[in-house]
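Below is one structure, written out as structure tokens; comments come after it.
FYI, it's all coordinate maths here, none of it is from the lab. Here the structure is a predicted model, which is why all the values come from computation and not from measurement. Every residue, glycine as well, gets a Cβ built from its backbone with ideal geometry; the counts of neighbours run over all protein chains shown.
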Amino acid sequence: MKSDHPAHEVRPAQNGIRPVQPREPLTRLQHLYLGMALVVGLLILLALAWTVRQWQVKTLSSPVTSTTTQIQTNVLSQARTASRPDASLIPEAAMARGSHVIVGCTSRLLQVNPLFLGSQEERDAASLLFESLLQMGPDGQPQFELARDQVFDLDSHQLTFQLRDDHFFNDGSVLTAADVAWTYQLILSDSYDGPLKPYLAAISHVTVDAVQQVTFQLRDWVTEPDPAWFTVGILHAKSYPADLDRVFELGQDSPLPDGSGAYRLVELSDGGALLELRPGFAGEITSIEFRPIDPAAQFDLLQSGAIDITTSAWNARTQERLDSLPGYGTHVFTATSAYVLVNRTRGGGGRLDQTDLQVALLAALSRQQLDAGQNALLAELGHEPLTCPFYRGIDDASESLYLQDAQTALKPLQSLGLEIGYEPLDWPELASMALENRYDLMVIPTPANEKLPSGSVLLTGKSSIRTMVEANALPGASQDKVLFYSQRLSQLMINPHAFPLAGSSLGWTDRIENVRLSSVTD
């Protein structure tokens, strides 16, 4: 491992941790100079204070100046009031909850395991229970969390992390490199079938170098590690024993969550969960309840103040009803609604069996600039239309929506003059075609559990040519959603990059210790 950081390396920021540089003690002469400077500064401040006082006496004797000063004071007071939510607009039921926060879940929580997260609510809950090596900040830049330093060796394609030694699991044990390595070994196992597999194809294996040092061996086509790969919540290895040949069993009957985050799980039942703040962690929110709700009753629950946070589709109907929710803030975001699959298997019935052609297709679909050779390769496809199977749905209305997603996903190819025929199929036939590689291009809706077909390698982050040689899938279409949050939660941080290894990356759990709560007793 190299000790010096390469000049080109983009390093994560210290997440609220600033190192203190040691200083040499002052000499007697320096102490004397410093004391004289302090005396002179104090005399200057006294003179300024006396001058200001004389000016106030003169200006307060003038009725015009006095009135102007009062007007300016009133304007500043109004500005401060406008910047704060009006407590009278917040439903009384919400204000009365105090330190207890309720999240309305439109899908049930089946488990809270960082390796098998299938919904927005499960990701939010997991981020409160587990910590990761790195976090993505609201500005999209990486920040250290469990890690305190990293070094990437381009020659060996190894990325080494030094870990902090002050993060603890619920039983009081320190989180170590062994826990990090075990978490990633479970994901990299051939028997793991969770949603993270397509994102982490660039990692070959993980080794423990020391108690607080872990090294990731990356594939030889990686020239710059993607920080998103290291945002997986770290499990307590002791609490998650598993047979590496049967890791999928963790997704069927997962142990109770055991992480190093600020909250711990109290109860997980009936599709909901209750979390409470761990001793020693700061924050006014002492408990968070994830409560399943009927989507049809969502707006009634918001109007009555029964829930503090929830997400909904951002459509015309939702926008029409915003005026009925004055006690809530909103944040609109996008979520992936469909993925494009490109067939990379020779002899499977598809015609796209040239690596250069596959790279050209992925480059075009990801809207990158094509070179002359790639344009020529795609032009050859114009002589015969490509067939793109897509999910039919359960009725004509849903088929129309899925067709729209497919057309949106492949629009970059159509703009290049390629002719594409769309073939609606039922899910069993579509899945069989994907497994047997009997397609050229395929568009599938985002699965409920976010698991892509086996063998998928998702194109994410910075996409070099070498990366695209390995990839065979990418996000193709998206839909707008909205996060509702009670105005009683002031200083709530909304992070549009919180979950980079998911179809929806928005999160509200960052810096939750900074949230201030309003209540009826305020």
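Modelled label positions at R278 and D253, each set 7 Å beyond Cα in the direction of Cβ, lie 2.7 nm from each other.
Between R511 and I494, the distance separating the two model label sites (each 7 Å from Cα on the Cα→Cβ line) works out to 1.5 nm. Remark: the range 131-249 carries a charge dipole of roughly 120 debye about the Cα centre, counting +1 on each Lys and Arg Cβ and -1 on each Asp and Glu Cβ.
Give me the net charge of A431's neighbourhood, meaning all other residues with Cβ under 13 Å from the Cβ of A431; Lys, Arg count +1, Asp, Glu -1.
Details: positive: R392, R438, K451; negative: D426, E429, E436.
It works out to a net charge of 0.
Sequentially through the range 313-326, phi angles give Karplus couplings (6.51, -1.76, 1.60; θ = phi - 60°) of 5, 9, 10, 4, 4, 4, 5, 5, 9, 4, 4, 8, 10, x Hz, Gly and Pro residues having no value and appearing as x.
Partner aspartates and glutamates whose Cα lies under 15 Å from the Cα of K481, excluding those fewer than 8 positions away in the same chain, are identified as E121, E320. Modelled spin-label separation between L154 and L89, with each label point placed 7 Å from Cα along the Cα-to-Cβ direction: 5.2 nm. Along the range 136-143 the Karplus relation, 6.51 cos²θ - 1.76 cosθ + 1.60 evaluated at θ = phi - 60°, assigns HN-Hα couplings of 9, x, x, 8, x, 9, x, 9 Hz to successive residues, with x for each Gly and Pro. The D426 and T286 beta-carbon pair, evaluated with R₀ = 41 Å, returns a calculated FRET efficiency of approximately 0.25. Extension gain for S398 to S415 (0.36 nm times residue separation, less C-alpha to C-alpha distance): 3.6 nm. Normalising the average separation of contacting C-alpha pairs (under 8 angstrom, six or more residues apart) by the number of residues puts the relative contact order of the range 372-474 at 30 percent.
Of the residues S366, Q404, A434, the one whose Cα sits farthest toward the positive end of the charge dipole of the range 358-447, with +1 on the Cβ of Lys and Arg and -1 on the Cβ of Asp and Glu, is S366. Taking amide H atoms as placed 1.01 Å from N in the peptide plane, the amide H of K481 lies under 5 Å from those of W314, F333, T334, A335, each 5 or more residues away in sequence or on another chain. Remark: the S454-R219 segment gains 82.7 nm on full extension, using 0.36 nm per residue and subtracting the alpha carbon distance.
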